[in-house]
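The values are calculated or read from the model by the stated rules, or taken from the named source; none is laboratory data. The structure presented is a predicted model; accordingly, all values stated were derived computationally and were not measured. Please note: Cβ atoms are built from the backbone with ideal geometry, for glycine as well, and neighbour counts cover all protein chains shown. We work out accessible area using only protein heavy atoms, side chains counted, and drop any ligands, DNA or RNA first. Shrake-Rupley method; radii C 1.70, N 1.55, O 1.52, S 1.80 Å.
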Amino acid sequence: MLKPVNRVLLGLLGLGLFALGGGVLLGGLDLQRHWGFDVPGWWPFRGPDDVVLGAEGRTRWREEGWWWPTVIAVLAVLLALLLWWLFAQRRHRLGQVLVDSEDGAAARLDGRTLEDVIEEEAQALDGVSRARVRLTGRRTAPAARVRLLLEPHADPTRILGQLSRETLVHARDSAGLDRLPSKARLREARHRADRVA
């Protein structure tokens with residue numbers, strides 16, 4: 001879900017900055033006079049001498065009782081959204097896993113490769129239509145997030161047991177990890193009802 005949210009937010013931010021920059025450029029270079037076109041009456045930048053926010057715009061609502069609580073509430077909501085977005089970025093994929101090679105040096109295992117191996121083994125389980133795995137956490141203490149799309153006939157209890165007792169144990173042992181905490185999300189694939197003629 002993070003990728004679509006990032007794309008939408010960056011797209012909206014880009015459009016807003018493009019419109020604001022284009023409007024300032026249009027007025028600052030006096031393009032409407034040079035190119036011979038008119039701007040709408042509500043357009044704020046009419047020429048090179050106009051400012052983005054004049055004295056009247058800055059002081060118009062200052063005496064109103066609702067103004068400052070509204071400004072503070074909007075800024076607080078904006079700050080909360082920006083902090084949520086910032087912390088959501090930290091759920092990044094683990095690029096490498098440090099493995100104790102028992103000779104005094106730590107070996108590096110590619111995180112994507114380990115994810116792919118877990119995905120393939122989980123997808124081979126009977127009743128699993130698709131598997132997605134993401135490693136998170138620290139390089140010395142990784143954790144796995146597993147999402148399984150189950151076929152309609154699948155037994156979730158059996159699949160969860162096989163995932164935890166076989167697939168994740170294989171991954172933990174092959175990577176030489178002491179532990180591999182994991183969270184699994186199971187979802188059933190939607191299917192159309194069969195029609196009988």
(request) Return yes when Val51 is touching a strand residue (DSSP E or B) at 6+ places or on another chain (Cβ under 7 Å) and either over 19 Å from Ser164 (Cβ atoms) or not charged (D, E, K, R) (or both) and no when it is not. (result) no
(message) Checking Ile118 against (1) out of contact with any strand residue (DSSP E or B) (no Cβ under 7 Å at 6 or more places or on another chain); (2) open to solvent by less than 60 Å² (accessible area, probe 1.4 Å); (3) among the β-branched types (Val, Ile, Thr), only one condition comes out false. Which one?
(response) (1)
(message) Within the stretch 29-59, take every residue that is in a helix (DSSP H, G or I) and closer than 29 Å to Leu82 by Cβ and give me the one that is most open to solvent (accessible area, probe 1.4 Å).
(response) Arg58
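Please enumerate the residues belonging to the stretch 60-106 that are among the hydrophobic types (A, V, I, L, M, F, W, C), touching a helix residue (DSSP H, G or I) at 6+ places or on another chain (Cβ under 6 Å) and either at pLDDT 80 or above or open to solvent by less than 70 Å² (accessible area, probe 1.4 Å) (or both). Explain how you work it out, then say what you get.
Filtering the stretch 60-106 down to residues among the hydrophobic types (A, V, I, L, M, F, W, C) leaves 61, 66-68, 71-88, 94, 97-99, 105-106.
Subsequent filtering for residues that are touching a helix residue (DSSP H, G or I) at 6+ places or on another chain (Cβ under 6 Å) retains 61, 88, 94, 97, 99.
The answer is Ala88, Leu94, Val97, Val99.
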(request) Scan the stretch 117-158 residue by residue and report those that are more than 24 Å from Gly95 (Cβ to Cβ), hydroxyl-bearing (Ser, Thr, Tyr) and outside any helix (DSSP H, G or I). (result) Ser129
(request) Within the stretch 3-15, identify whether any single residue is of a type in the set (Gly, Ala, Ser) and either more than 30 Å from Arg134 (Cα to Cα) or outside any helix (DSSP H, G or I) (or both), and answer yes or no. (result) no
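Scan the stretch 134-149 for residues that are open to solvent by less than 40 Å² (accessible area, probe 1.4 Å) and at pLDDT 90 or above and report the count.
Of the residues in the stretch 134-149, 3 are open to solvent by less than 40 Å² (accessible area, probe 1.4 Å) and at pLDDT 90 or above.
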(message) Out of the residues in the stretch 152-190 meeting the condition of being loosely packed, with under 10 Cβ neighbours inside 10 Å and farther than 30 Å from Arg108 by Cβ, tell me which one is modelled with the highest pLDDT.
(response) Thr157
